[in-house]
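Chemist: Dumping the structure here so I can ask a few things about it.
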Amino acid sequence: MSIWEIMQTFFDAEIKKMKIKTCYFPLFVSNNVLQKEKDHIEGFAPEVAWVTRSGDSDLEVPIAIRPTSETVMYPYFSKWIRGHRDLPLKLNQWCNVVRWEFSNPTPFIRSREFLWQEGHTAFATKEEADTEVLEVLELYRRLYEEYLAVPVVKGKKSEMEKFAGGLYTTSVEAFIPNTGRGVQGATSHCLGQNFAKMFEINFEDEKGEKAMVWQNSWAYSTRTIGVMVMTHGDDRGLVLPPKVAAIQVIVVHVPYKDADIKEILNACSATVKALCDLGIRAEADLRENYSPGWKYSHWEMKGVPLRIEIGPKDLANNQVRAVRRDNAAKIDIPMDGLVDKVKGMLDDIQQSMFDVAKQKRDACVQVAKTWDEFIEALSQKKLILAPWCDEEEVEKDVKTKTKGETGAAKTLCSPFDQPELPEGTLCFASGKPAKKWTYWGRSY
Ligand code: 87F
(Lines give C-alpha, C1' and ligand atoms only; values in the text may rest on other atoms or scores of the structure.)
Protein backbone atom coordinates (compact mmCIF):
# COMPACT_ATOMS: atom_id res chain seq x y z
CA MET A 1 0.00 0.00 0.00
CA SER A 2 2.92 2.36 0.58
CA ILE A 3 3.84 2.20 -3.09
CA TRP A 4 0.38 3.32 -4.07
CA GLU A 5 0.41 6.03 -1.42
CA ILE A 6 3.74 7.45 -2.62
CA MET A 7 2.56 7.57 -6.23
CA GLN A 8 -0.69 9.12 -5.08
CA THR A 9 1.14 11.84 -3.14
CA PHE A 10 3.17 12.79 -6.22
CA PHE A 11 0.28 12.73 -8.68
CA ASP A 12 -2.21 14.43 -6.42
CA ALA A 13 0.17 17.34 -5.75
CA GLU A 14 0.79 17.73 -9.50
CA ILE A 15 -2.88 17.80 -10.49
CA LYS A 16 -3.60 20.23 -7.66
CA LYS A 17 -1.09 22.57 -9.32
CA MET A 18 -3.30 22.21 -12.40
CA LYS A 19 -6.28 23.38 -10.28
CA ILE A 20 -8.00 20.03 -10.41
CA LYS A 21 -10.32 19.56 -7.44
CA THR A 22 -10.80 16.39 -5.43
CA CYS A 23 -14.25 14.83 -5.40
CA TYR A 24 -15.94 11.60 -4.50
CA PHE A 25 -19.02 10.07 -6.11
CA PRO A 26 -20.94 6.95 -5.03
CA LEU A 27 -19.91 3.38 -5.73
CA PHE A 28 -23.39 2.33 -6.83
CA VAL A 29 -24.86 3.22 -10.21
CA SER A 30 -28.56 2.99 -10.96
CA ASN A 31 -29.49 1.08 -14.07
CA ASN A 32 -31.18 4.25 -15.24
CA VAL A 33 -28.06 6.37 -15.69
CA LEU A 34 -25.92 3.43 -16.76
CA GLN A 35 -28.25 2.91 -19.71
CA LYS A 36 -27.69 6.50 -20.80
CA GLU A 37 -24.30 5.48 -22.01
CA LYS A 38 -25.73 2.33 -23.56
CA ASP A 39 -24.08 2.61 -26.95
CA HIS A 40 -20.65 3.00 -25.50
CA ILE A 41 -20.83 0.45 -22.75
CA GLU A 42 -22.40 -2.18 -24.99
CA GLY A 43 -19.03 -3.87 -25.44
CA PHE A 44 -18.28 -3.51 -21.75
CA ALA A 45 -21.67 -4.73 -20.48
CA PRO A 46 -20.51 -8.29 -19.60
CA GLU A 47 -17.99 -6.78 -17.20
CA VAL A 48 -20.50 -4.82 -15.16
CA ALA A 49 -21.18 -6.36 -11.72
CA TRP A 50 -24.66 -6.00 -10.24
CA VAL A 51 -26.00 -6.12 -6.70
CA THR A 52 -29.17 -8.17 -6.84
CA ARG A 53 -29.79 -9.17 -3.23
CA SER A 54 -29.64 -7.77 0.27
CA GLY A 55 -29.78 -10.41 2.96
CA ASP A 56 -32.55 -12.82 1.99
CA SER A 57 -34.49 -10.59 -0.32
CA ASP A 58 -34.00 -9.75 -3.96
CA LEU A 59 -33.67 -6.05 -4.71
CA GLU A 60 -36.57 -4.54 -6.59
CA VAL A 61 -34.14 -3.11 -9.11
CA PRO A 62 -30.56 -4.33 -9.32
CA ILE A 63 -27.84 -1.73 -8.80
CA ALA A 64 -24.56 -1.70 -10.72
CA ILE A 65 -21.13 -1.27 -9.14
CA ARG A 66 -19.12 1.42 -10.95
CA PRO A 67 -16.76 0.08 -13.60
CA THR A 68 -15.86 3.74 -14.30
CA SER A 69 -17.79 6.86 -13.28
CA GLU A 70 -18.90 8.74 -16.41
CA THR A 71 -22.53 7.87 -15.84
CA VAL A 72 -22.32 8.69 -12.14
CA MET A 73 -20.63 12.05 -12.56
CA TYR A 74 -21.90 13.55 -15.79
CA PRO A 75 -25.52 14.09 -14.69
CA TYR A 76 -23.99 16.44 -12.09
CA PHE A 77 -21.78 18.10 -14.69
CA SER A 78 -25.00 18.86 -16.52
CA LYS A 79 -26.54 20.43 -13.39
CA TRP A 80 -23.45 22.33 -12.28
CA ILE A 81 -22.40 23.83 -15.60
CA ARG A 82 -24.62 26.71 -16.72
CA GLY A 83 -22.48 29.52 -18.05
CA HIS A 84 -18.92 29.94 -19.34
CA ARG A 85 -17.90 31.11 -15.87
CA ASP A 86 -18.61 27.62 -14.54
CA LEU A 87 -15.84 26.36 -16.82
CA PRO A 88 -13.47 24.71 -16.74
CA LEU A 89 -14.81 22.11 -14.31
CA LYS A 90 -11.91 19.87 -13.35
CA LEU A 91 -12.45 16.97 -10.96
CA ASN A 92 -10.53 13.93 -9.84
CA GLN A 93 -11.48 11.10 -7.56
CA TRP A 94 -9.42 8.33 -5.98
CA CYS A 95 -11.51 5.20 -5.69
CA ASN A 96 -11.95 1.53 -6.46
CA VAL A 97 -13.80 0.15 -9.46
CA VAL A 98 -15.09 -3.31 -10.31
CA ARG A 99 -14.88 -5.00 -13.70
CA TRP A 100 -15.85 -8.64 -13.88
CA GLU A 101 -12.93 -9.95 -15.91
CA PHE A 102 -13.22 -13.41 -17.42
CA SER A 103 -10.06 -13.86 -19.39
CA ASN A 104 -7.14 -14.64 -17.17
CA PRO A 105 -7.40 -12.27 -14.19
CA THR A 106 -3.85 -11.46 -13.04
CA PRO A 107 -3.02 -9.69 -9.77
CA PHE A 108 -2.51 -5.95 -10.33
CA ILE A 109 -2.53 -6.34 -14.14
CA ARG A 110 -6.10 -7.44 -14.65
CA SER A 111 -8.08 -7.83 -11.45
CA ARG A 112 -11.79 -7.64 -10.74
CA GLU A 113 -11.41 -4.81 -8.28
CA PHE A 114 -8.70 -2.22 -8.62
CA LEU A 115 -7.81 1.21 -7.30
CA TRP A 116 -7.35 4.17 -9.59
CA GLN A 117 -7.69 7.87 -9.96
CA GLU A 118 -10.18 9.04 -12.52
CA GLY A 119 -10.00 12.61 -13.75
CA HIS A 120 -13.01 14.11 -15.48
CA THR A 121 -12.80 17.62 -16.87
CA ALA A 122 -14.95 19.93 -18.98
CA PHE A 123 -13.81 22.95 -20.98
CA ALA A 124 -15.29 25.66 -23.16
CA THR A 125 -12.87 24.95 -26.00
CA LYS A 126 -11.26 21.94 -27.65
CA GLU A 127 -7.84 23.61 -27.45
CA GLU A 128 -7.94 23.64 -23.65
CA ALA A 129 -8.99 20.00 -23.62
CA ASP A 130 -6.20 19.02 -26.05
CA THR A 131 -3.59 20.75 -23.90
CA GLU A 132 -4.73 19.00 -20.74
CA VAL A 133 -4.72 15.56 -22.36
CA LEU A 134 -0.98 15.93 -22.97
CA GLU A 135 -0.24 17.56 -19.63
CA VAL A 136 -1.74 14.59 -17.81
CA LEU A 137 -0.02 12.10 -20.12
CA GLU A 138 3.32 13.70 -19.21
CA LEU A 139 2.51 13.15 -15.52
CA TYR A 140 1.87 9.48 -16.30
CA ARG A 141 5.22 9.27 -18.05
CA ARG A 142 6.93 10.81 -15.04
CA LEU A 143 5.15 8.43 -12.68
CA TYR A 144 6.45 5.44 -14.64
CA GLU A 145 9.90 6.69 -15.49
CA GLU A 146 10.86 8.80 -12.46
CA TYR A 147 9.09 6.82 -9.72
CA LEU A 148 8.70 3.25 -10.97
CA ALA A 149 11.86 3.32 -13.13
CA VAL A 150 9.85 1.84 -16.00
CA PRO A 151 10.47 3.23 -19.50
CA VAL A 152 7.29 4.03 -21.44
CA VAL A 153 6.33 5.25 -24.89
CA LYS A 154 3.88 8.12 -25.20
CA GLY A 155 1.55 7.90 -28.15
CA LYS A 156 -1.89 7.78 -29.67
CA LYS A 157 -4.14 4.73 -29.76
CA SER A 158 -5.57 3.47 -33.04
CA GLU A 159 -9.27 3.97 -33.80
CA MET A 160 -9.81 0.34 -32.88
CA GLU A 161 -8.01 0.51 -29.55
CA LYS A 162 -9.16 3.95 -28.39
CA PHE A 163 -11.97 4.41 -25.85
CA ALA A 164 -15.01 4.10 -28.11
CA GLY A 165 -16.88 6.80 -26.23
CA GLY A 166 -14.20 9.40 -26.90
CA LEU A 167 -12.64 11.39 -29.71
CA TYR A 168 -9.09 10.16 -29.31
CA THR A 169 -7.05 8.29 -26.72
CA THR A 170 -3.43 8.84 -25.74
CA SER A 171 -1.51 6.40 -23.60
CA VAL A 172 1.81 5.47 -22.08
CA GLU A 173 2.85 1.96 -23.12
CA ALA A 174 5.31 -0.30 -21.33
CA PHE A 175 6.83 -3.57 -22.51
CA ILE A 176 7.76 -6.66 -20.52
CA PRO A 177 10.80 -8.30 -22.18
CA ASN A 178 10.44 -11.65 -20.35
CA THR A 179 6.97 -12.31 -21.70
CA GLY A 180 7.26 -10.24 -24.86
CA ARG A 181 4.06 -8.39 -24.10
CA GLY A 182 3.12 -4.75 -24.27
CA VAL A 183 1.05 -3.29 -21.47
CA GLN A 184 -1.03 -0.14 -21.53
CA GLY A 185 0.22 1.88 -18.57
CA ALA A 186 -2.37 4.65 -18.35
CA THR A 187 -4.71 6.54 -20.65
CA SER A 188 -5.62 10.17 -21.19
CA HIS A 189 -8.68 10.63 -23.41
CA CYS A 190 -10.14 13.59 -25.19
CA LEU A 191 -13.85 12.77 -25.16
CA GLY A 192 -14.78 15.52 -27.56
CA GLN A 193 -18.48 16.41 -27.19
CA ASN A 194 -19.92 12.88 -27.24
CA PHE A 195 -20.80 12.77 -23.56
CA ALA A 196 -21.85 16.41 -23.58
CA LYS A 197 -24.51 15.41 -26.13
CA MET A 198 -25.63 12.35 -24.16
CA PHE A 199 -25.78 14.06 -20.81
CA GLU A 200 -26.73 17.52 -22.05
CA ILE A 201 -23.73 19.31 -20.63
CA ASN A 202 -24.32 22.74 -22.14
CA PHE A 203 -23.32 26.28 -21.27
CA GLU A 204 -23.99 29.82 -22.35
CA ASP A 205 -20.82 31.13 -23.98
CA GLU A 206 -19.45 34.67 -23.86
CA LYS A 207 -21.70 35.74 -26.70
CA GLY A 208 -24.72 34.43 -24.86
CA GLU A 209 -25.07 31.51 -27.22
CA LYS A 210 -25.73 27.92 -26.17
CA ALA A 211 -22.64 25.71 -26.55
CA MET A 212 -21.53 22.22 -25.64
CA VAL A 213 -18.54 21.50 -23.41
CA TRP A 214 -15.40 19.64 -24.48
CA GLN A 215 -14.44 16.87 -22.08
CA ASN A 216 -11.47 14.76 -21.08
CA SER A 217 -11.07 11.78 -18.84
CA TRP A 218 -7.88 10.11 -17.67
CA ALA A 219 -6.84 7.36 -15.32
CA TYR A 220 -4.01 5.30 -13.97
CA SER A 221 -4.60 2.32 -11.75
CA THR A 222 -2.87 -0.16 -9.46
CA ARG A 223 -1.81 -1.85 -12.70
CA THR A 224 1.19 0.51 -12.47
CA ILE A 225 2.41 -1.63 -9.57
CA GLY A 226 2.06 -4.84 -11.59
CA VAL A 227 4.06 -3.33 -14.44
CA MET A 228 6.79 -2.24 -12.02
CA VAL A 229 6.96 -5.68 -10.38
CA MET A 230 7.26 -7.46 -13.75
CA THR A 231 9.84 -5.00 -15.05
CA HIS A 232 12.28 -5.27 -12.16
CA GLY A 233 11.56 -8.52 -10.31
CA ASP A 234 14.13 -11.32 -10.45
CA ASP A 235 14.47 -14.92 -9.25
CA ARG A 236 15.01 -13.75 -5.69
CA GLY A 237 11.79 -11.73 -5.61
CA LEU A 238 10.76 -8.10 -5.77
CA VAL A 239 13.17 -5.33 -6.67
CA LEU A 240 11.76 -1.95 -5.67
CA PRO A 241 12.91 1.40 -7.01
CA PRO A 242 14.04 3.49 -3.98
CA LYS A 243 11.57 6.28 -4.71
CA VAL A 244 8.56 4.04 -4.09
CA ALA A 245 10.02 1.62 -1.52
CA ALA A 246 8.36 1.83 1.90
CA ILE A 247 11.67 0.69 3.40
CA GLN A 248 14.62 2.03 1.43
CA VAL A 249 17.34 0.74 3.73
CA ILE A 250 17.19 -2.29 6.02
CA VAL A 251 19.87 -2.49 8.69
CA VAL A 252 20.79 -5.98 9.88
CA HIS A 253 23.08 -6.75 12.79
CA VAL A 254 25.63 -9.51 12.34
CA PRO A 255 26.43 -10.96 15.76
CA TYR A 256 29.52 -13.07 16.43
CA LYS A 257 29.97 -15.32 19.44
CA ASP A 258 32.47 -13.25 21.37
CA ALA A 259 31.47 -9.84 20.11
CA ASP A 260 29.82 -7.17 22.18
CA ILE A 261 26.28 -7.48 20.83
CA LYS A 262 25.06 -4.40 22.68
CA GLU A 263 27.54 -2.24 20.88
CA ILE A 264 26.48 -3.65 17.50
CA LEU A 265 22.81 -3.14 18.26
CA ASN A 266 23.49 0.43 19.32
CA ALA A 267 25.40 1.09 16.12
CA CYS A 268 22.44 -0.27 14.11
CA SER A 269 19.93 1.91 15.93
CA ALA A 270 22.16 4.95 15.61
CA THR A 271 22.52 4.30 11.87
CA VAL A 272 18.77 4.02 11.38
CA LYS A 273 18.22 7.22 13.31
CA ALA A 274 20.86 9.13 11.35
CA LEU A 275 19.32 7.97 8.04
CA CYS A 276 15.73 8.69 9.09
CA ASP A 277 16.68 12.14 10.41
CA LEU A 278 17.70 13.06 6.89
CA GLY A 279 14.57 11.71 5.27
CA ILE A 280 15.67 8.21 4.27
CA ARG A 281 13.15 5.46 5.01
CA ALA A 282 15.34 3.12 7.06
CA GLU A 283 14.49 0.36 9.51
CA ALA A 284 16.48 -2.14 11.54
CA ASP A 285 15.78 -5.85 11.73
CA LEU A 286 17.28 -6.72 15.10
CA ARG A 287 15.33 -9.94 15.68
CA GLU A 288 17.41 -12.51 17.55
CA ASN A 289 15.43 -15.53 16.39
CA TYR A 290 16.47 -15.29 12.74
CA SER A 291 19.96 -15.64 11.36
CA PRO A 292 21.52 -12.81 9.30
CA GLY A 293 21.39 -15.07 6.21
CA TRP A 294 17.68 -15.66 6.66
CA LYS A 295 17.09 -11.94 7.00
CA TYR A 296 19.11 -11.18 3.88
CA SER A 297 16.87 -13.43 1.77
CA HIS A 298 13.77 -12.14 3.50
CA TRP A 299 14.47 -8.48 2.72
CA GLU A 300 15.72 -9.32 -0.74
CA MET A 301 12.43 -11.04 -1.47
CA LYS A 302 10.62 -7.91 -0.31
CA GLY A 303 12.70 -5.82 -2.69
CA VAL A 304 14.34 -3.43 -0.21
CA PRO A 305 16.81 -1.44 -2.36
CA LEU A 306 19.72 -1.34 0.08
CA ARG A 307 20.84 -3.56 2.96
CA ILE A 308 23.32 -2.39 5.56
CA GLU A 309 25.11 -5.04 7.61
CA ILE A 310 26.91 -4.16 10.80
CA GLY A 311 29.16 -6.70 12.54
CA PRO A 312 32.12 -6.57 14.91
CA LYS A 313 34.63 -6.09 12.10
CA ASP A 314 32.68 -3.17 10.69
CA LEU A 315 32.53 -1.60 14.16
CA ALA A 316 36.27 -2.02 14.60
CA ASN A 317 36.88 -0.35 11.23
CA ASN A 318 34.27 2.34 11.84
CA GLN A 319 32.38 1.36 8.71
CA VAL A 320 29.28 -0.54 7.51
CA ARG A 321 28.77 -2.92 4.65
CA ALA A 322 26.11 -1.94 2.10
CA VAL A 323 24.61 -4.42 -0.37
CA ARG A 324 22.51 -3.29 -3.32
CA ARG A 325 19.37 -5.26 -4.19
CA ASP A 326 19.42 -4.38 -7.90
CA ASN A 327 22.90 -5.67 -8.77
CA ALA A 328 24.13 -7.34 -5.53
CA ALA A 329 27.15 -4.98 -5.39
CA LYS A 330 28.80 -4.87 -1.95
CA ILE A 331 30.46 -1.69 -0.74
CA ASP A 332 32.08 -0.80 2.59
CA ILE A 333 31.09 2.70 3.66
CA PRO A 334 32.90 4.68 6.39
CA MET A 335 30.60 5.79 9.22
CA ASP A 336 31.68 9.37 8.58
CA GLY A 337 29.54 10.77 5.81
CA LEU A 338 27.38 7.63 5.77
CA VAL A 339 24.08 9.40 5.20
CA ASP A 340 25.27 11.35 2.17
CA LYS A 341 26.82 8.24 0.72
CA VAL A 342 23.60 6.25 1.21
CA LYS A 343 21.55 9.04 -0.36
CA GLY A 344 23.87 8.96 -3.35
CA MET A 345 23.58 5.19 -3.60
CA LEU A 346 19.78 5.27 -3.54
CA ASP A 347 19.78 7.86 -6.34
CA ASP A 348 22.19 5.69 -8.24
CA ILE A 349 20.03 2.59 -7.80
CA GLN A 350 16.97 4.50 -8.99
CA GLN A 351 18.78 5.71 -12.12
CA SER A 352 20.47 2.44 -12.86
CA MET A 353 17.22 0.47 -12.53
CA PHE A 354 15.69 2.76 -15.14
CA ASP A 355 18.74 2.53 -17.41
CA VAL A 356 18.83 -1.27 -17.23
CA ALA A 357 15.08 -1.54 -17.88
CA LYS A 358 15.35 0.85 -20.82
CA GLN A 359 18.27 -0.99 -22.28
CA LYS A 360 16.36 -4.29 -22.06
CA ARG A 361 13.24 -2.72 -23.52
CA ASP A 362 15.16 -1.07 -26.37
CA ALA A 363 16.86 -4.37 -27.16
CA CYS A 364 13.38 -5.82 -27.81
CA VAL A 365 12.35 -3.19 -30.33
CA GLN A 366 12.36 -4.61 -33.84
CA VAL A 367 11.56 -2.66 -36.98
CA ALA A 368 9.43 -4.74 -39.37
CA LYS A 369 8.81 -3.46 -42.87
CA THR A 370 7.22 -6.57 -44.35
CA TRP A 371 4.70 -9.16 -43.23
CA ASP A 372 7.39 -11.85 -43.00
CA GLU A 373 9.59 -9.65 -40.83
CA PHE A 374 6.57 -8.88 -38.68
CA ILE A 375 5.71 -12.56 -38.10
CA GLU A 376 9.34 -13.41 -37.41
CA ALA A 377 9.65 -10.57 -34.86
CA LEU A 378 6.37 -11.58 -33.23
CA SER A 379 7.59 -15.15 -32.76
CA GLN A 380 10.69 -13.71 -31.10
CA LYS A 381 8.52 -11.77 -28.62
CA LYS A 382 9.62 -8.42 -29.95
CA LEU A 383 8.12 -4.98 -29.55
CA ILE A 384 7.47 -4.30 -33.21
CA LEU A 385 7.74 -0.88 -34.82
CA ALA A 386 6.15 -1.01 -38.24
CA PRO A 387 5.04 1.41 -40.95
CA TRP A 388 1.24 1.23 -41.14
CA CYS A 389 -1.52 2.55 -43.38
CA ASP A 390 -3.64 3.32 -40.28
CA GLU A 391 -6.69 1.45 -41.60
CA GLU A 392 -9.01 -0.31 -39.18
CA GLU A 393 -9.67 -3.19 -41.56
CA VAL A 394 -5.96 -3.89 -41.77
CA GLU A 395 -5.57 -3.93 -37.99
CA LYS A 396 -8.52 -6.34 -37.76
CA ASP A 397 -6.90 -8.51 -40.38
CA VAL A 398 -3.57 -8.58 -38.50
CA LYS A 399 -5.44 -9.57 -35.35
CA THR A 400 -7.20 -12.44 -37.10
CA LYS A 401 -4.07 -13.69 -38.78
CA THR A 402 -2.02 -13.71 -35.58
CA LYS A 403 -4.64 -15.25 -33.33
CA GLY A 404 -3.09 -18.07 -31.34
CA GLU A 405 -2.95 -19.51 -27.86
CA THR A 406 -1.00 -16.54 -26.58
CA GLY A 407 -3.36 -13.93 -27.99
CA ALA A 408 -3.38 -11.84 -31.13
CA ALA A 409 -1.04 -9.01 -32.01
CA LYS A 410 -2.52 -5.54 -31.97
CA THR A 411 -1.42 -1.94 -32.11
CA LEU A 412 -0.07 -0.57 -28.85
CA CYS A 413 0.25 3.04 -29.96
CA SER A 414 1.63 5.33 -32.61
CA PRO A 415 4.47 7.07 -30.80
CA PHE A 416 4.40 10.87 -30.72
CA ASP A 417 8.10 10.66 -31.32
CA GLN A 418 7.93 9.40 -34.93
CA PRO A 419 11.03 8.20 -36.74
CA GLU A 420 11.35 9.59 -40.24
CA LEU A 421 8.97 7.92 -42.67
CA PRO A 422 10.61 8.11 -46.11
CA GLU A 423 8.36 8.98 -49.06
CA GLY A 424 7.04 5.80 -50.64
CA THR A 425 7.25 3.63 -47.50
CA LEU A 426 4.59 0.92 -47.63
CA CYS A 427 2.41 -0.58 -44.89
CA PHE A 428 3.90 -3.85 -43.63
CA ALA A 429 0.51 -5.54 -43.71
CA SER A 430 -1.49 -4.07 -46.61
CA GLY A 431 1.23 -2.82 -48.95
CA LYS A 432 -0.62 0.50 -49.18
CA PRO A 433 1.25 3.75 -48.56
CA ALA A 434 2.20 3.93 -44.89
CA LYS A 435 0.91 6.89 -42.88
CA LYS A 436 2.82 6.43 -39.64
CA TRP A 437 5.10 4.26 -37.54
CA THR A 438 3.14 2.21 -35.02
CA TYR A 439 4.10 -0.14 -32.22
CA TRP A 440 2.58 -3.62 -32.43
CA GLY A 441 2.76 -6.66 -30.20
CA ARG A 442 0.90 -9.08 -28.02
CA SER A 443 -0.29 -7.37 -24.91
CA TYR A 444 -1.74 -7.79 -21.44
C1 87F B 1 -16.18 -1.78 -18.20
C2 87F B 1 -17.53 -1.80 -17.95
C3 87F B 1 -18.32 -0.71 -18.25
C4 87F B 1 -13.76 0.47 -19.59
C5 87F B 1 -15.62 -0.64 -18.77
O6 87F B 1 -10.25 5.10 -19.41
C7 87F B 1 -17.80 0.41 -18.82
C8 87F B 1 -16.43 0.47 -19.09
O9 87F B 1 -16.44 2.62 -19.99
C10 87F B 1 -15.80 1.61 -19.68
N11 87F B 1 -14.28 -0.61 -19.04
N12 87F B 1 -14.48 1.57 -19.90
C13 87F B 1 -13.76 2.71 -20.48
C14 87F B 1 -13.28 3.67 -19.43
C15 87F B 1 -12.96 4.97 -20.03
C16 87F B 1 -12.39 6.05 -19.12
N17 87F B 1 -13.14 6.28 -17.92
C18 87F B 1 -12.63 7.29 -17.02
C19 87F B 1 -10.95 5.89 -18.82
C20 87F B 1 -10.35 6.85 -17.88
C21 87F B 1 -11.19 7.13 -16.69
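The values are calculated or read from the model by the stated rules, or taken from the named source; none is laboratory data. This one's a predicted model, so the numbers in the text were calculated from it and none came from an experiment. Don't worry about glycine lacking a Cβ; one is built from the backbone with ideal geometry, like all the others, and counts go over all protein chains shown. Heavy atoms of the whole protein, side chains included, go into the accessibility calculation; ligands, DNA and RNA do not. Shrake-Rupley method; radii C 1.70, N 1.55, O 1.52, S 1.80 Å.
Chemist: For the range 1-111, list the strands (runs of 3 or more DSSP E) that sit wholly inside it and hold at least 3 residues that are more than 13 Å from the ligand (Cβ to nearest atom), farther than 30 Å from residue 205 by Cα and without any contact (Cβ under 8 Å) to a residue 40 or more places away in the chain; which are they? Give the derivation first.
Modeler: Numbers: elements: 28-30, 50-54, 57-65, 89-98.
Once the strands (runs of 3 or more DSSP E) in the range 1-111 are filtered for at least 3 residues that are more than 13 Å from the ligand (Cβ to nearest atom), farther than 30 Å from residue 205 by Cα and without any contact (Cβ under 8 Å) to a residue 40 or more places away in the chain, what remains is 50-54, 57-65.
Chemist: Considering each residue of the range 249-262, count those that are more than 19 Å from residue 337 (Cα to Cα), outside any loop (DSSP other than H, G, I, E, B) and in contact with a helix residue (DSSP H, G or I) (Cβ under 6 Å, 6 or more places away or on another chain), and give that number. Can you show your working first?
Modeler: Going through the range 249-262, the residues more than 19 Å from residue 337 (Cα to Cα) turn out to be 252-262.
Add one more test, that the residue is outside any loop (DSSP other than H, G, I, E, B), and what stays is 252-253, 261-262.
Going one step further and asking which of them are in contact with a helix residue (DSSP H, G or I) (Cβ under 6 Å, 6 or more places away or on another chain), we end up with 252-253.
Final tally of qualifying residues: 2.
Listed here are the residues, each with its yes/no results for (1) closer than 23 Å to residue 117 by Cβ; (2) within 16 Å of the ligand (Cβ to nearest atom).
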residue: 130; (1), (2): yes, no
residue: 168; (1), (2): yes, yes
residue: 178; (1), (2): no, no
residue: 182; (1), (2): yes, no
residue: 200; (1), (2): no, no
residue: 203; (1), (2): no, no
residue: 229; (1), (2): yes, no
residue: 240; (1), (2): yes, no
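Chemist: Scan the range 91-116 residue by residue and report those that are at negative phi, open to solvent by 50 Å² or more (accessible area, probe 1.4 Å) and among the polar types (S, T, N, Q).
Modeler: Once the filter is applied, which keeps residues that are at negative phi, open to solvent by 50 Å² or more (accessible area, probe 1.4 Å) and among the polar types (S, T, N, Q), the range 91-116 yields only 103.
Chemist: Tell me, please, whether a residue that is part of a strand (DSSP E or B), over 30 Å from residue 429 (Cα atoms) and modelled with pLDDT of 95 or more can be found in the range 286-306. Give the steps one after another, and end with the answer.
Modeler: Taking the range 286-306 and keeping what is part of a strand (DSSP E or B), we get 306.
Now drop any that are not over 30 Å from residue 429 (Cα atoms), which leaves 306.
From what's left, modelled with pLDDT of 95 or more: 306.
Yes, the range 286-306 contains a residue that is part of a strand (DSSP E or B), over 30 Å from residue 429 (Cα atoms) and modelled with pLDDT of 95 or more.
Chemist: Here are some residues: 414, 379. Which one is at pLDDT 95 or above, among the polar types (S, T, N, Q) and within 24 Å of the chain's Cα centre (by Cα)?
Modeler: On the way: 379 fails: within 24 Å of the chain's Cα centre (by Cα).
From the options 414, 379, the qualifying one is 414.
Chemist: Shifting gears a bit: Contact list please: Cβ distance under 8 Å, first residue in the range 282-298 and closer than 9 Å to residue 253 by Cβ, second residue among the basic types (Lys, Arg) and open to solvent by less than 70 Å² (accessible area, probe 1.4 Å), pairs at least six apart or on different chains.
Modeler: Taking only residues 6 or more apart or on different chains, the pairs are 285/295.
Chemist: When you look at residue 229, is it at pLDDT 95 or above, more than 30 Å from residue 82 (Cα to Cα), open to solvent by 20 Å² or more (accessible area, probe 1.4 Å) and outside any loop (DSSP other than H, G, I, E, B), yes or no?
Modeler: On the way: at pLDDT 95 or above: yes; more than 30 Å from residue 82 (Cα to Cα): yes; open to solvent by 20 Å² or more (accessible area, probe 1.4 Å): yes; outside any loop (DSSP other than H, G, I, E, B): yes.
Yes; evaluated as a whole, the condition is true for this residue.
Chemist: Then there is this: Take residue 328 and tell me if it is within 25 Å of residue 147 (Cα to Cα) and surrounded by 13 or more Cβ atoms within 10 Å (Cβ to Cβ).
Modeler: No: the conditions fail for residue 328.
Chemist: Pick from the range 243-286 the residues that are charged (D, E, K, R) and surrounded by 16 or more Cβ atoms within 10 Å (Cβ to Cβ): which of them is nearest to residue 144 (Cα to Cα)?
Modeler: We begin by selecting, within the range 243-286, every residue charged (D, E, K, R); these are 243, 257-258, 260, 262-263, 273, 277, 281, 283, 285.
Checking which are surrounded by 16 or more Cβ atoms within 10 Å (Cβ to Cβ) leaves us with 243, 281, 283, 285.
Working: 243: 11, 281: 21, 283: 26, 285: 30 Å.
Ranking the qualifying residues of the range 243-286, first place goes to 243.
Chemist: For the range 140-166, give me each residue that is open to solvent by less than 20 Å² (accessible area, probe 1.4 Å), within 14 Å of the ligand (Cβ to nearest atom) and touching a helix residue (DSSP H, G or I) at 6+ places or on another chain (Cβ under 6 Å).
Modeler: Listed by number, the list holds a single entry, 165.
Chemist: Follow-up question, since we're still on this one. In the range 13-23, what count of residues is obtained for those that are of a type outside the set (A, V, I, L, M, F, W, C) and surrounded by 15 or more Cβ atoms within 10 Å (Cβ to Cβ)?
Modeler: Just the residues of the range 13-23 that are of a type outside the set (A, V, I, L, M, F, W, C), to begin with: 14, 16-17, 19, 21-22.
So of that shortlist, the ones also surrounded by 15 or more Cβ atoms within 10 Å (Cβ to Cβ) come out as 14.
Result for the range 13-23: 1.
Chemist: Using the structure shown, decide if residue 387 is under 22 Å from residue 161 (Cα atoms) and open to solvent by 50 Å² or more (accessible area, probe 1.4 Å). Quick ask: steps written out before the conclusion?
Modeler: Working: under 22 Å from residue 161 (Cα atoms): yes; open to solvent by 50 Å² or more (accessible area, probe 1.4 Å): no.
No.
Chemist: Filter the range 177-206 down to residues that are over 30 Å from residue 230 (Cα atoms), within 28 Å of the chain's Cα centre (by Cα) and open to solvent by 10 Å² or more (accessible area, probe 1.4 Å), then give me how many there are.
Modeler: 2
Chemist: Additional query: Do any residues in the range 204-230 that are free of Cβ contacts under 8 Å to residues at least 40 places away in the same chain have Cβ atoms under 8 Å from those of residues that are away from the ligand (no atom under 14 Å from the Cβ) and basic (Lys, Arg), where the two are at least six apart or on different chains, and which pairs are they?
Modeler: Partner pairs satisfying both residue conditions: 212/197.
Chemist: Could I ask something else about it? Six or more apart or on different chains, Cβ under 9 Å: which pairs go from a residue in the range 122-137 that's closer than 18 Å to residue 11 by Cβ to one that's of a type in the set (A, V, I, L, M) and surrounded by fewer than 16 Cβ atoms within 10 Å (Cβ to Cβ)? Could you list them?
Modeler: 132/18; 135/18; 136/18
Chemist: Identify, please: which residue in the range 112-128 is of a type in the set (A, V, I, L, M, F, W, C) and farther than 16 Å from residue 190 by Cα and is, among those, nearest to the ligand (Cβ to nearest atom)? Break it down into steps so the answer makes sense when it comes.
Modeler: In the first step, residues of the range 112-128 are kept if they are of a type in the set (A, V, I, L, M, F, W, C); the result is 114-116, 122-124.
The next check asks that each one be farther than 16 Å from residue 190 by Cα; those that pass are 114-116.
Numbers: 114: 11, 115: 13, 116: 7 Å.
The selected residue is 116.
Chemist: Consider only pairs whose beta carbons are under 7 Å apart and that are at least six residues apart or on different chains; among these, list those whose first residue lies in the range 177-191 and is more than 15 Å from residue 156 (Cα to Cα) and whose second residue is aromatic (Phe, Trp, Tyr) and within 16 Å of the ligand (Cβ to nearest atom).
Modeler: 181/444
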